[in-house]
Amino acid sequence: MTAAKPRILTGDTPTGRLHLGHYVGSLENRIALQDEYDCYFLLANMHAFTTRADKPAEIRQDTIEIVKDWLAAGIDPKRSTIVLQTEVPAIAELTWFFAMLIPFNKVMRNPTLKTEIDAKGLGDTYSFGFPMYAVGQCADILAFRPELVPVGEDQEAHIEMCRDVALKFNQLYCGVGNRVVPEDHVKAGGVFPIPKAKIGRIGRLPGIDGTQKMSKSLGNAIMLSDSPKDVQKKIGRITTGRQSPTEKGDTSNVLFTFVRAFIRDEARVKELERRYAEGDNIGDGHIKQELAEHINALLEPMRSRRAEYEKPGGDDLVIDIIKDGTRRANVVAEETLHLAKKAMKLDFGRRSLAKDTQHS
Ligand code: TRP
C-alpha cells in the first residue's frame, strides 16, 4: 500500500455468489487496476440489511462467500484492501452529514432505486433505510476520497449522486467556487476529489435466457463458482431459434453476445460472426462448445485459488483478511472524517479510532 498512488473504491452488496455479469461489469476492471491504484473493495453488508434485516445469518455467510469470490477472481489482499462497511464508523457518520446535502425528492427519484424496488417487488413497504442506502453509498465512496469507482452500468446513477454530494460539500464547506470544474476541486481547497465512474467492458451482460440482465435470482446466471460441467450445461441451454448449420444466423443474438464477451480472440470472433451470418456450415452446438471452453479457461484459475478457502478453516482465513483490511481502511476513513468535520467547523477534538483498532 503506497500513499502516492491514486485511490479506487468500489464494492458489492453481499447477496450471494458472484456471476459472469459481475466479472465483465466490474470485477475484471478491479483486478486489472490493482497495481496502478491503491484499491479499496467494500463489503456493503450494512446495505444488505436494508432489504434483509430479518436474515443476519445469511448476510454473514454471504459476506464471507463474496470475499471468496473476490479472492478467487484475483483480488490480492496484499495489494488491495478489503473493507467491511459495518466496522467503519466514519461511513455511518458521513452518511448523516451527506443526507443533509441531497434533497429528499432527488433520492426518491434515483432510477437505480426505482429499478430495484420493481425488480425485488418491494412495493411501498420497503424500510426507511432502503432509499437511505443511496446516501450511504456516497459516504462509502467519499470516505476514501478516490479518483475512480469501477462499477457496472446499473450503478451510474449512484455515482452521479455521489459526485453531486462531493461538489456541494466542497462548495458549502471548503469555499470552492461554483465555477470551479470538478477536476480542480481539490486544488481549490475541496476535501473531496470528484470521483468518476469507470464502467466495465460490458455494462450489462444478459442472462442465458437472453432477455433479462444476468442475475442469480432469475436463474439465468453462470456463477464464478460453477463447475466445468455446469458451465457446459448452462451454455447448452441458450436458445437462438436457429435450425441448421447452413441457416443464416443473427449475430446480435444472446449466443453471440456471449461469444464477443468471452472469446478474447478478435480474429476468431470475426470468423465465427461471418460464418454464422452467412450460414457457412457452422452449428450452434459447435459455437456453444467453443464458448464453454473459453469460459471454463477463464474460471479454471479461479477454481484453484478458491480451493484454499473452501478447506476447513477457510472461513477463518477470510475473516482475518477482512479484519486486516478494515483496520487499514479505518486509517483512511478516519482521516477523511476529520477533514470533513474540520471543514464543517466540527473540530471539537478528535478520537483516535484508527489507533485503537490497530490491535483488535
Ligand atoms: N450498491 C452497490 C451494488 O449493489 C454496492 C455498493 C455499495 C457500492 N457501496 C458502494 C459500489 C460503493 C460502488 C461504490 O452493486
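The values are calculated or read from the model by the stated rules, or taken from the named source; none is laboratory data. Values in this document were obtained by computation on a predicted structure and should not be read as measured data. Cβ: placed from backbone, ideal geometry, glycine included. Neighbour counts: every protein chain shown.
Looking only at residues in the range 25-38 that are of a type outside the set (D, E, K, R) and surrounded by fewer than 22 Cβ atoms within 10 Å (Cβ to Cβ), which one is farthest from the chain's Cα centre (by Cα)?
Restricting to residues being of a type outside the set (D, E, K, R) and surrounded by fewer than 22 Cβ atoms within 10 Å (Cβ to Cβ), the top hit is 37.
With touching a residue at least 40 places away in the same chain (Cβ under 8 Å) and either surrounded by fewer than 23 Cβ atoms within 10 Å (Cβ to Cβ) or within 14 Å of the ligand (Cβ to nearest atom) (or both) as the only criterion, which of 128, 97 stands out?
Checking each option against the conditions leaves just 97.
Which members of the range 39-82 meet the condition of being over 13 Å from the mean Cα position of the chain (by Cα), within 15 Å of the ligand (Cβ to nearest atom) and over 20 Å from residue 19 (Cα atoms)?
Across the range 39-82, the qualifying residues are 46, 49, 50, 51, 52, 80, 81.
Among the residues of the range 200-208, is any crowded, with 22+ Cβ neighbours inside 10 Å, modelled with pLDDT of 95 or more, within 12 Å of the ligand (Cβ to nearest atom) and closer than 29 Å to residue 13 by Cα?
No, the conditions are met nowhere in the range 200-208.
For the range 79-91, name all the residues that are in a helix (DSSP H, G or I) and either of a type in the set (D, E, K, R) or more than 16 Å from residue 162 (Cβ to Cβ) (or both).
Answer for the range 79-91, where residues must be in a helix (DSSP H, G or I) and either of a type in the set (D, E, K, R) or more than 16 Å from residue 162 (Cβ to Cβ) (or both): 86, 87, 89.
I'm trying to understand the selection: among the residues of the range 285-304, which are under 16 Å from residue 75 (Cβ atoms) and either buried (at least 16 other Cβ atoms within 10 Å of the Cβ) or aliphatic (A, V, I, L, M) (or both)?
298, 299, 302, 303, listed by residue number.
Does residue 57 qualify as being under 19 Å from residue 314 (Cβ atoms), exposed (fewer than 14 other Cβ atoms within 10 Å of the Cβ) and of a type in the set (A, V, I, L, M)?
So residue 57 fits the description; yes.
Suppose the filter is within 16 Å of residue 12 (Cα to Cα), within 15 Å of the ligand (Cβ to nearest atom) and in contact with a strand residue (DSSP E or B) (Cβ under 7 Å, 6 or more places away or on another chain); does residue 153 pass it?
In short, yes.
What's the number of the only condition in (1) within 28 Å of residue 15 (Cβ to Cβ); (2) buried (at least 16 other Cβ atoms within 10 Å of the Cβ); (3) in contact (Cβ under 8 Å) with a residue 40 or more places away in the chain; (4) not polar (S, T, N, Q) that residue 234 fails to meet?
(3)
Between a first residue in the range 313-333 that is in a helix (DSSP H, G or I) and surrounded by fewer than 19 Cβ atoms within 10 Å (Cβ to Cβ) and a second residue that is at pLDDT below 95 and among the small types (Gly, Ala, Ser), which pairs have beta carbons less than 6 Å apart while being 6 or more apart in sequence or on different chains?
Close Cβ pairs (under 6 Å, with a partner that is at pLDDT below 95 and among the small types (Gly, Ala, Ser)) amount to 331/354.
Within the range 169-191, how many residues are hydrophobic (A, V, I, L, M, F, W, C) and either closer than 20 Å to residue 120 by Cα or in contact (Cβ under 8 Å) with a residue 60 or more places away in the chain (or both)?
So the answer is 4.
Return only the number of the condition from (1) over 24 Å from residue 23 (Cα atoms); (2) modelled with pLDDT under 95 that residue 278 does not satisfy.
Going through the list (1) over 24 Å from residue 23 (Cα atoms); (2) modelled with pLDDT under 95, residue 278 breaks only (2).
What number of residues within the range 111-125 satisfy the criterion of being touching a helix residue (DSSP H, G or I) at 6+ places or on another chain (Cβ under 6 Å) and within 11 Å of the ligand (Cβ to nearest atom)?
Within the range 111-125, residues that are touching a helix residue (DSSP H, G or I) at 6+ places or on another chain (Cβ under 6 Å) and within 11 Å of the ligand (Cβ to nearest atom) number 2.
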